[in-house]
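First the structure, in the form of structure tokens, and then the observations on it.
The values are calculated or read from the model by the stated rules, or taken from the named source; none is laboratory data. No experiment lies behind these values; they were computed from the predicted model shown. Positions of Cβ are generated from backbone atoms using ideal geometry, with glycine treated the same way; all protein chains shown enter the neighbour counts. Areas reflect the complete protein model, heavy atoms only, side chains present, ligands, DNA and RNA absent. Shrake-Rupley method; radii C 1.70, N 1.55, O 1.52, S 1.80 Å.
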Amino acid sequence: MNLVIVESPAKAKSIKKYLGANYSVLASYGHIRDLASKNGSVDPDHDFKMVWEANKGSEKNIKSIADAIKKADSLYLATDPDREGEAIAWHICEVLKQKKLLKDVEVHRSVFNEITKKAIVEAIHHPRKLNQELVDAYLARRALDYLVGFTLSPVLWHKLPGSKSAGRVQSVALRLITDREFEIEKFISEEYWSLEVECQSPQKKSFTARLLELHQKKVEKFSFRNEKDAKEAAATIEKKTFAVHKVQKKQTQRNPYPPFTTSTLQQESVRKLGFSASKAMLLAQQLYEGMEVDGESIGLITYMRTDSVNLSQEAISAFRVYIESDLGVSYLPKEPRFYKSKAKNAQEAHEAIRPTDVSLTPDRLRSILNADQLKLYTMIWKRALASQMTNALIDQVTVDIASSDKEVLLRTTGSTIAFDGFLKLYQESKDEGDDPEDDEKTLPPLNEGDAIHKEKVIPSQHFTQPPPRFTEASLVKKLEELGIGRPSTYASILHVLQARNYVRLTNKQFIPEDRGRMVSVFLHTYFKQYVEYDFTANLEDSLDDISNGKKEWKEVLSKFWIDFKKTVHGTDKLTITEVLDVLDRELADSIFPKENGKISKKCPKCEKGTLHLKLGKYGAFLGCDQYPECTYSHKLSSSEDTEETGEDQAAAAKDGEEYPKVLGTHPDTKEEITLRKGPYGVYVQMGEDSKKKKPKRTSVPKSLPPKSVTLQNAVDLLSLPRTVGVNPKTNEVITASIGPYGPYVKHGSKFVSVKNQDILSITLEEALALIQHAEDNPPAKRSFRKKTKK
């Protein structure tokens, strides 16, 4: 009897049908054991000895395998064809060795890239030995992650209470997100203007041209920095007559995209299908493990954890036959296409992700797959097939239009698809901030010397934009470019960052929580080397060198541990106060309120004290340094703590709203009004940030649920502060408004909170009553007398 061990029961069911009665196929259900979840499971002082324990629920699976091996002559370890699969196979061997069950059993390692009968039979008939170098690379990676997690996390807990954990790759991904947010916050928008001219051809066909040269000087992005300069240029253009100066026509080729790797599959699933990275991998796993097609269980795609863009010769041949017969010979290139990965640390031992059988078209599987499975399969099928198709041919036309005195030069471009080639099947989606592909824009027939009628000169105002926040797709792309982590771990990294409430995903963009910012600044200040991008990428290189047999795994661990241990010990005398001083300084732009664009640390309650970042039982907050005389505190926002920041913010976090939400335009200024969510809750904003002008913002009061805010509500709120009246006793003006800490009335230099009245309609009498009550009832000093036992 031959015993075959795979990872999942679905895979076991498929493979059993291919191998027949002489083979028993069991599933390990993934990893059967892991490092013991306690301190000391990796012991650097004893040659990095590792203590393993059975995973929860794995005892039953281990017993099934142990019982089956007693009746077997041969053991085939057919786990996944990657480092993790090699590790699972090694763990199974180690457990069976400890039970002394492998004495008379031949052990083989069988590797296949797709679950088809041919691939399975081939793998069983041509096995190999366990690859110890791959196992060593797994052991090194697992030990590194454990040592960082179990050593660094306690430092965080003690020095930065409220933090949850730190991880080797997770911390670097967090730094990418927080660094990007700091870039956005520090970004100063610059105004610039562009000019376009609406034109007509001799055939009365309209088109638009942009200003290229003025007074024989090339127009740059910042040639016109204000409306005055732009209108002066427009006035010059208005006086001119124009004709076509030059027409350039050329044909360009656009190459197809390579077939999917794990990383590009995740990116495109996020962009094109709206799936999360983890959902994409779950669906891909299902497609890989197989479905019943025409009464036969078959894997629909090749293994989905791969860095490779290679395709097997067999797959390429099948694709070429399909392209020629179903799409036409014009879509088939003369020679097959071969690709090379551009990703750092790519391991190209396996194939790219492709359909196992190109004849299993999405239409054939429409009744077999659910909607999401079909979407992902269709994308994989089209991308793989398109990778072997001809280039697309693009006709491009560039037309220069000059004034009669050659003082003004305009340019217009157009492009049309002369031959769609691979675009017939597949076009890749783009991230925000990426350069778009050439837009298809057709120009009317234009020839040199044609008189051009100028219809209208259009000056347009623009403002430079900050870099976009990371999406799941762009973060995965960045991690891969930097060579940080492995594609198979990206989905779990993104999940962990959200689960620990270090970041949140809003409008498909990662926004760091205050907790995430503090952790990132702490690590960058005190463990800078270990969150540097190059350091982490170089460590990945070392792990790859281990898997290639170029380095010894314990030497890599030893070198890392010596320096890391010194750095950890260097924080032993670090006090929480010192940490808070650093965070207070580094995060000032993010956590303190602003007045007229400048940071304000003045206590809004006593007006004497200064606000500082503090840590309490429930996390970070801003507190007055005059405590206990002044008891003011304001809790920093965090998505997991919304219940402690007011019912309105809890509703905003849970109402399913996506921010910013456009409410409409202001009836007077015609500026766009949006509903937004910031560190201090929900607010309305009129217009956008620019260097020239800061937008008007007003907080939404707790009495108004975010979901119920209308355009009229917003207009009313943005009219604040409003004059309530004049105090007849002092002749001082009383105003009402809403600040970061809620509604208030202001009387001279004094602020009084408004809790139960509508700030938009509060009367002079009500305001005077609040002011009088505040004067008659000053806040009592808190007593800190020790309790005595009765």
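Here are a few things to note about the model shown:
- Scoring S24 on the criteria (1) assigned to a loop (DSSP other than H, G, I, E, B); (2) in contact with a Leu (Cβ under 6 Å, 6 or more places away or on another chain) leaves a single failure, condition (1).
- All positions within region 680-701 that are open to solvent by less than 60 Å² (accessible area, probe 1.4 Å) and modelled with pLDDT under 80: Y680, G681, G687, S690
- Filtering K221, K204, K240 for residues that are at positive phi and assigned to a loop (DSSP other than H, G, I, E, B) leaves a single hit, K204.
- The residues of region 237-275 that are touching an Asp or Glu at 6+ places or on another chain (Cβ under 6 Å), polar (S, T, N, Q) and over 30 Å from A209 (Cα atoms), listed by number, are T261, S263.
- Selection within region 373-390 - under 21 Å from R305 (Cβ atoms), open to solvent by 10 Å² or more (accessible area, probe 1.4 Å) and in contact with a helix residue (DSSP H, G or I) (Cβ under 6 Å, 6 or more places away or on another chain): Q373, K375
- For beta carbons closer than 8 Å, sequence separation of 6+ or different chains, a first residue in region 204-225 that is farther than 12 Å from P444 by Cβ and a second that is open to solvent by 100 Å² or more (accessible area, probe 1.4 Å), the qualifying pairs are L212/K218; Q216/K406.
- Selected residue (only one of Q529, Q461 is in contact with an Asp or Glu (Cβ under 8 Å, 6 or more places away or on another chain), surrounded by fewer than 16 Cβ atoms within 10 Å (Cβ to Cβ) and either aliphatic (A, V, I, L, M) or part of a helix (DSSP H, G or I) (or both)): Q529
- Residues of region 178-192 satisfying the condition of being part of a helix (DSSP H, G or I) and over 15 Å from the mean Cα position of the chain (by Cα): F182, E183, I184, E185, K186
- For region 552-582, the candidate set comprises residues that are of a type outside the set (K, R) and outside any helix (DSSP H, G or I); within that set, the residue that is most open to solvent (accessible area, probe 1.4 Å) is D572.
- Scope region 25-54; condition among the polar types (S, T, N, Q) and crowded, with 18+ Cβ neighbours inside 10 Å; matching residues: S28, S41
- In region 472-513, the residues that are surrounded by fewer than 21 Cβ atoms within 10 Å (Cβ to Cβ) and acidic (D, E): E481
- Qualifying residues in region 613-631 (those that are under 41 Å from the mean Cα position of the chain (by Cα) and charged (D, E, K, R)) - the one modelled with the lowest pLDDT: K617
- Filtered by the rule that a residue be at pLDDT 85 or above and either under 16 Å from H634 (Cα atoms) or among the aliphatic types (A, V, I, L, M) (or both), region 576-587 gives V579, L580, V582, L583, D584, L587.
- Only one of A418, A451 that is exposed (fewer than 15 other Cβ atoms within 10 Å of the Cβ) and modelled with pLDDT of 95 or more: A451
- Selection of region 165-174 for residues being open to solvent by 10 Å² or more (accessible area, probe 1.4 Å) and of a type outside the set (S, T, Y) yields G167, R168, V169, Q170.
- Residue count, region 1-15 (criterion: buried (at least 18 other Cβ atoms within 10 Å of the Cβ) and without any contact (Cβ under 8 Å) to a residue 24 or more places away in the chain): 1
Yes/no matrix, rows are residues, columns are (1) open to solvent by less than 40 Å² (accessible area, probe 1.4 Å); (2) at pLDDT 90 or above; (3) not hydrophobic (A, V, I, L, M, F, W, C):
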residue	(1), (2), (3)
S110	yes, yes, yes
I115	yes, no, no
H126	no, yes, yes
Q132	no, yes, yes
L139	yes, yes, no
S163	yes, no, yes
L176	yes, yes, no
E190	no, yes, yes
E198	no, yes, yes
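- Counted residues, region 606-615 - those being free of Cβ contacts under 8 Å to residues at least 60 places away in the same chain and over 19 Å from A588 (Cβ atoms): 2
- Answer from H215, H158 - the residue that is surrounded by fewer than 19 Cβ atoms within 10 Å (Cβ to Cβ), on the phi > 0 side of the Ramachandran plot and over 24 Å from the mean Cα position of the chain (by Cα): H215
- Search result, residues across region 583-605 that are touching a residue at least 60 places away in the same chain (Cβ under 8 Å), within 16 Å of H524 (Cα to Cα) and open to solvent by less than 20 Å² (accessible area, probe 1.4 Å): L583, L587
- Per-region count, region 590-614, residues closer than 23 Å to T577 by Cα and part of a strand (DSSP E or B): 7
- Looking at A143, A68, just one residue is in contact (Cβ under 8 Å) with a residue 60 or more places away in the chain, open to solvent by 10 Å² or more (accessible area, probe 1.4 Å), more than 25 Å from Y303 (Cα to Cα) and among the aliphatic types (A, V, I, L, M), and that residue is A68.
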